[in-house]
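The block underneath contains the structure these notes are about, expressed in structure tokens.
The values are calculated or read from the model by the stated rules, or taken from the named source; none is laboratory data. Computed from a predicted structure; not experimentally measured. We place every Cβ from the backbone using ideal geometry, glycine too, and count neighbours over all the protein chains shown. Just the protein is used for accessible areas: all its heavy atoms, side chains included, with ligands, DNA and RNA removed. Shrake-Rupley method; radii C 1.70, N 1.55, O 1.52, S 1.80 Å.
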Amino acid sequence: MNVGIKRGSNSTSIPEAASPPFWLASSLLLLQPTVQHYPWGDPDFIPRLIGQSNPEGKPFAELWMGAHPDSPSLVRLPGRTASLLEILEAAAEDLLQPAVAERFQRRLPFLLKILAAAAPLSLQIHPSRENAVAGYTRENLAGIPLHAPSRNYKDPNHKPELVVALTDFYGLSGFRPLPDIARQIAAVPALLEAMGRFESSPESLREHYSRLMEWPQSRVDGVLNPLIAQLTARHERQPYGKEDREYWLLRSDQACSIGGHRDRGLFSFYLLNLVHLRPGQGMYLPAGILHSYLEGAAIEIMANSNNVLRGGLTAKHIDVPELLRNVAFVGAEPEIINARRLGQSQEWFYPTPAEEFELHRIELSDMYSHVNRPDHSADILILFALDPGTKVSVTAGGDSLELSQGQVFMAPHGTAYTLRANGRATLYKATLPQRTPAPSGTVSIDSSPSFRGRRPTPLAFGTSGLRGLVADITDLEAYVNTRGFLDYLCASGDVKPGGKVSVAGDLRPSTNSPGRSILRAVARAIQDAGLEVDNLGELPTPALTYYAIRKDRPSIMVTGSHIPFDRNGIKFNRSSGEILKSDEPGILASVQRVRRAEYDRPRTLSLFADDGMFKKEHEHLLPPVNHEGRREYLRRYWDFFPPRALQGARICFYQHSAVGRDLLVELLAGLGAEVIPLGRSESFIPIDTEAIAIEQFEVLQALADQARREGRRVDAVISTDG
């Protein structure tokens, strides 16, 4: 990869003797990626990309572009070569941007790779951030050397990743929908005999899969030997194709079953989704998703981590118990990610909820040059393909680089650069999700773009949730904010894919009524985030939050509390309770990514009409109400107070339109009180709990007087207006 470098008169090179290296943010950095020669690697794809001969046929598995300590890229400087890790340690603020450097502990937050597989990779998952920190600390305390073969956790970071196919790419990704697994087991007698009856539930999946993975080797061989023999004979009569999971099972058996024993990872071919990505298609893998790449070349971007927990299909260290502790036992169809165009440009991006990275594709031609503004953190770009005879250049200030295929460069924070070509060329760019510097020098989110020519009003966000006019809380706005919150929770490990999110709402018509339902938009966002809606119905916020915390799951409450009738709100809770101020930047960044993705989606593929409300064919129904939340809330009080604690008390109850009005009558009656409902507001009346008008007191007094006239003693008067 020969590269011509032209520097303007105002450029400054890093002195030969500088230690630590001196850094100027206006420079462009040429990177020399590192190659990983894992046994499953393709001997041709990466050498052809980078222009390197490989007469020995050595496997070239991965090309790393980044600053992971295991294998950092080298930086070509005038007169010397330095490690990108070395430069980061010396000048992370200049390279990344001060706020980004602080946020990611002076580390480049992403790692970019080219992956080329000629044989199956290991069956594996990546841990959540929380589990990575715990595992890394645990193995350090146990004295396991960082590079020991038996080490699971190489760093204290999670590893969400996105893979985008460069050729036809095959892999396994996540458990199949549970009914599909049940049908598959029933259709394969060896599986049915080995596993027994499978119920379509996460609990059954966990039980059955754990049993398979923990069987003694003799039992694994006893089940797989006749099954492999049967499939092999059938393949000889009528060969399987690459769209058949049996094809990959047999191929993986040949590659991975050694020493006369079958690899237990082969069971997973019947239980996981078989995915075929065409060039340009991608899939996102958050924590806990069991997967294996089988064949093909792809560009891969991930959080800057090398944490892998393996369960089979490899000669490397396997730790089944640790893998099972981290697996998400949920079944779902795989989500294929297609690139989305940025406006009318020749730049596309692949939307994911990851905070650490975003992958872009740039298509150059003699008709289109690409200009990148300086308001970015560090970008890494690779020239992937170009037509014969095409020349590509990148300029930044007085610096200019002539690029060849496979060449990689980094544009540091604050560097505006322009890409030009005299023919067709394709580059991939690794970057952080777009943010712009705020006046204070911190990082803030871009202002909201327009949606089909109109600029919706973004909702104000705080630890008390979102509040706004009902007219502004369109289905689109409720969806964008909810999906952004949930993507943030998934990325942070607070909820695993397929996990449940409890929801409830108040009695406002805009919360959930036939003509208008913010709650239905919230529920659709939950499902689209790969999670399950747990609908608790009409329930007070404390009842919802209490139940969700006990179940260790996030919750979302649609309520306007006591604010005026023309307003409403959405309140978000983590599995541990209310979100904190420290959560807000990450949530806002995630919301902005979802907003941009939804606004850029073509009208024909969008869920939303031009007014921001769901198209009729995408209107969503809530699942049936789970009454357990109501029962748990009542039980909390009934178990705390002595039995029949209010025995003999007579209480007049005015049932104002707060959502707890029926629940509290039942609560008091369950404590032994005689509860006399003496009125009920038929329409929703917003009342500030700190400013109850005299008219409301007069209503309550009249109700008490009425009870006395009827000869009934009154010990207390209660209303749900606060």
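A few points about this structure:
- Using θ = phi - 60° and Karplus 6.51 cos²θ - 1.76 cosθ + 1.60, couplings along region 488-495 (whole Hz; Gly, Pro as x): 4, 5, 4, 5, 8, x, 6, 9
- For residue 65, net neighbour charge (Lys/Arg +1, Asp/Glu -1) across residues whose Cβ lies under 12 Å away: -1
- Given a 1.4 Å probe and the protein chains as shown, residue 718 ends up with an accessible area of around 50 Å².
- With a 1.4 Å probe rolled over the protein heavy atoms of all chains, the accessible area of 348, 248 falls in the order 348, 248, largest first.
- On the beta carbon distance between residue 338 and residue 635, with R0 = 35 Å, the FRET formula returns roughly 0.15.
- Sequence-distant lysines (8 or more away, or on other chains) whose Cα lies within less than 16 Å of residue 391: 6
- For the chain, the solvent-accessible area of protein heavy atoms averages 42 Å² per residue (probe radius 1.4 Å; ligands and nucleic acids excluded).
- Amide H contacts of residue 407 (H built 1.01 Å from N, under 5 Å, at least 5 apart or other chain): 383
- For residue 429, the aspartates and glutamates whose Cα falls under 14 Å of its own Cα, not counting residues fewer than eight places away in the same chain, are 300, 347, 356, 358, 363, 379.
- Links that overshoot a 27 Å alpha carbon limit, given the list 242/615; 159/615; 496/581: 242/615; 159/615
- Simple rule: put +1 on each Lys or Arg Cβ and -1 on each Asp or Glu Cβ in the chain, find the dipole, and look at 51, 95, 229; the Cα lying farthest toward the positive end is 229.
- Cα-derived Rg to Rh of region 343-391, Kirkwood definition: 0.98
- Cα centroid of region 39-68 to Cα centroid of region 316-335, whole Å: 29 Å
- Under Karplus coefficients 6.51, -1.76 and 1.60, residue-wise ³J(HN,Hα) of region 641-656 in Hz, glycine/proline x: 7, x, x, 6, 4, 10, 4, x, 6, 10, 10, 7, 10, 8, 8, 5
- Cα-based convex hull, the chain, per residue volume (Å³, whole number): 204 Å³
- Over region 302-404, relative contact order from alpha-carbon pairs under 8 Å, at least 6 apart, %: 13 percent
- Normalised contact order of the chain, rounded percent, pairs of Cα under 8 Å and 6 or more residues apart: 12 percent
- Shape of region 266-363, Cα gyration tensor, a/c cut at 1.5: prolate
- Nonlocal amide H pairs with residue 655, under 5 Å, H built at 1.01 Å: 678, 679, 680, 681
- Unit charges at the beta carbon, dipole of the chain: most positive-side option, 717, 81, 604: 604
- Positive-end ranking of 557, 421, 175 along the dipole of the chain, with charges on Cβ about the Cα centre, is headed by 175.
- Couplings for region 402-409, taken from phi via the Karplus curve 6.51 cos²θ - 1.76 cosθ + 1.60 with θ = phi - 60°, read 8, 9, 10, 4, x, 6, 10, 9 Hz in order; Gly and Pro are left as x.
- Computed with a 1.4 Å probe over protein heavy atoms only, the accessible area of residue 103 comes to about 80 Å².
- Kirkwood Rh in Å, taken over region 221-272 so that all alpha-carbon pairs contribute: 11.2 Å
- For the chain, the 222 nm mean residue ellipticity estimated from helices alone, with every DSSP H stretch of n ≥ 4 adding -39500 (n - 2.57) and the total spread over all residues, rounds to -9000 deg cm²/dmol.
- Of all accessible heavy-atom area on the chain, the percent that carbon and sulfur account for (1.4 Å): 52 percent
- Amide hydrogen neighbours beyond the local backbone of residue 319, cut-off 5 Å, H modeled: 310
- Here residue 276 sits with roughly 30 square angstrom of accessible surface, probe radius 1.4 Å.
- Listed residues 638, 64 arranged by accessible area, highest first, probe 1.4 Å: 638, 64
- Per-peptide packing, taken as the mean over residues of other Cβ atoms within 10 Å, places 234-241, 476-483, 28-35 in the sequence 476-483, 28-35, 234-241 from highest down.
- Ranked from largest to smallest solvent-accessible area, with a 1.4 Å probe on the protein heavy atoms, 327, 665 come out as 665, 327.
- Rounded, prolate or oblate (a/c below 1.5 giving rounded, otherwise prolate when a/b exceeds b/c) for region 220-327 by Cα gyration tensor: oblate
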